[in-house]
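Here is the structure we will look at.
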Amino acid sequence: MADESSATPFGRYPTTRLRRNRHSDWSRRLVAEASLSVDDLIWPVFICEGAGAGEPIDSMPGVVRYSLDRLVERVAAARDLGIPAVALFPATDPAKKSPTGDEATNPDNLICRAVRAVKKSVDGIGILCDVALDPYTSHGHDGLLEDGVILNDETIEVLCRQAIVQAAAGCDVIAPSDMMDGRVGAIRRALDEAGYTHVQIMAYAAKYASAFYGPFRDAVGSAANLGQGDKRTYQMNPANSDEALREVALDIAEGADMVMVKPGLPYLDIVSRVATTFAVPTFAYQVSGEYAMLAGAAERGWLDRERVVLEGLLAFKRAGAAGVLTYFAVEAARLLHDRA
Ligand code: PBG
């Protein structure tokens, strides 16, 4: 019998030695609680007009905007690596932006052409499309703007039409990222009435008004449109956590098939609460600013890129995420294959 005096709050020392399970690689693998696989990855990809293009994005070193010909090749390569889905984001020609974002509902806009091009030549990979007006509005907001106010219900009417043109192009998963109240239910009804009952909805359910989206706005070219504006009247206050549960509960009740928390690592507490509370497929978006931090530090030799990429993605799985949208998806998939 161990001596009572050796009892600690964590067990008996030295009878309990937690280092025993860590002493060798096989043992660490055997007792691992969470694991990261290529099946957990969704790759967000920026697209642009033209041909043969891979335009660099200064604030996201290593990430480029692809023209549709290159996009098709890259998506096929992602599929070959086993990545289950891509999320496409258009950099819209500034001449096509307007206060009401009409280009969003044009069935021949860049995103719809991209979806058709990928669907035509690449099988076995899902396509997500954002529903929100920010790539298309001259003011850079996700909704219709009137006297400085983002109109909720009027915006939803446009979002429903946007969802339908994307579904018609062949989009598999509609991802409303606008944060209007009630949009998931309205989009679900609109899709069903138009015959797209099989099209899934991944709701950006708890999306925060975050400064970590800065590089994304450079990538899609909405930063200049938004200027000094901010999205705090519709995206969530970073101070709030209970409110995230209310947002998620509403989106599930309205018909979301999957929910998302965004940004990712700075909001891991929210990912964990949502996953535990609702037990629905919960995704995290490791956003552009998170990419920039890691890629920027690695570029300077301050961090070991491969290790921080895999550790960061594993953290999402430990928190309870079903998967992660990450600009590192292709690189992580390669690393996971190399280590398998
Ligand atoms: C558009 C949208 C944004 C992101 C995804 N969809 C930007 C925003 O809301 O301003 C951000 C993604 C990222 O930063 O990687 N509504």
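The values are calculated or read from the model by the stated rules, or taken from the named source; none is laboratory data. Please read these numbers as outputs of a predicted model, since none were measured by experiment. Ideal geometry is used to build each Cβ from the backbone, glycine not excepted, and the neighbour counts take in all protein chains shown. Surface accessibility is based on the protein's heavy atoms, side chains included, excluding ligands, DNA and RNA. Shrake-Rupley method; radii C 1.70, N 1.55, O 1.52, S 1.80 Å.
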| field | Qualifying positions in region 5-33 - surrounded by 12 or more Cβ atoms within 10 Å (Cβ to Cβ), assigned to a helix (DSSP H, G or I) and modelled with pLDDT under 95 | value | 6
| In region 309-330, how many are over 16 Å from residue 287 (Cβ atoms) and of a type in the set (A, V, I, L, M)? | 4
| request: From 84, 61, 94, grab the single residue that is open to solvent by 20 Å² or more (accessible area, probe 1.4 Å) and closer than 16 Å to residue 325 by Cβ. | output: 84
| task | Write out, first by first residue and then by second, each pair whose Cβ atoms fall under 8 Å of each other, whose residues are 6+ apart or on separate chains, and whose first residue, in region 71-86, is closer than 19 Å to residue 111 by Cβ and modelled with pLDDT of 95 or more while the second is assigned to a loop (DSSP other than H, G, I, E, B) and among the hydroxyl-bearing types (Ser, Thr, Tyr). | result | none
| field | Matching residues in region 214-234 - criterion: being aromatic (Phe, Trp, Tyr) and surrounded by fewer than 23 Cβ atoms within 10 Å (Cβ to Cβ) | value | 234
| query | Can you tell which of 316, 283 is crowded, with 19+ Cβ neighbours inside 10 Å and either assigned to a strand (DSSP E or B) or of a type in the set (D, E, K, R) (or both)? | reply | 283
| remark: Of the residues in region 129-150 that are among the hydrophobic types (A, V, I, L, M, F, W, C) and within 16 Å of the ligand (Cβ to nearest atom), the one that is most open to solvent (accessible area, probe 1.4 Å) is 145
| Any idea how many residues of region 151-161 are open to solvent by less than 10 Å² (accessible area, probe 1.4 Å) and in a strand (DSSP E or B)? | 0
| query | Can you tell which of 327, 291, 267 is closer than 17 Å to residue 203 by Cβ and aromatic (Phe, Trp, Tyr)? | reply | 267
| said: Just to be sure I understand the filter: pairs with C-beta atoms under 6 Å, separated by 6 or more residues or on different chains, first member in region 287-300 and more than 23 Å from residue 177 (Cβ to Cβ), second member modelled with pLDDT of 95 or more and more than 7 Å from the ligand (Cβ to nearest atom). Which pairs pass? | reply: 297/303; 298/305; 299/61
| query | Is there any pair linking a residue in region 190-212 that is surrounded by 23 or more Cβ atoms within 10 Å (Cβ to Cβ) to one that is in a loop (DSSP other than H, G, I, E, B) and polar (S, T, N, Q), with Cβ under 8 Å and at least six apart or on different chains, and which? | reply | 204/177; 207/177; 207/235; 208/235; 208/237
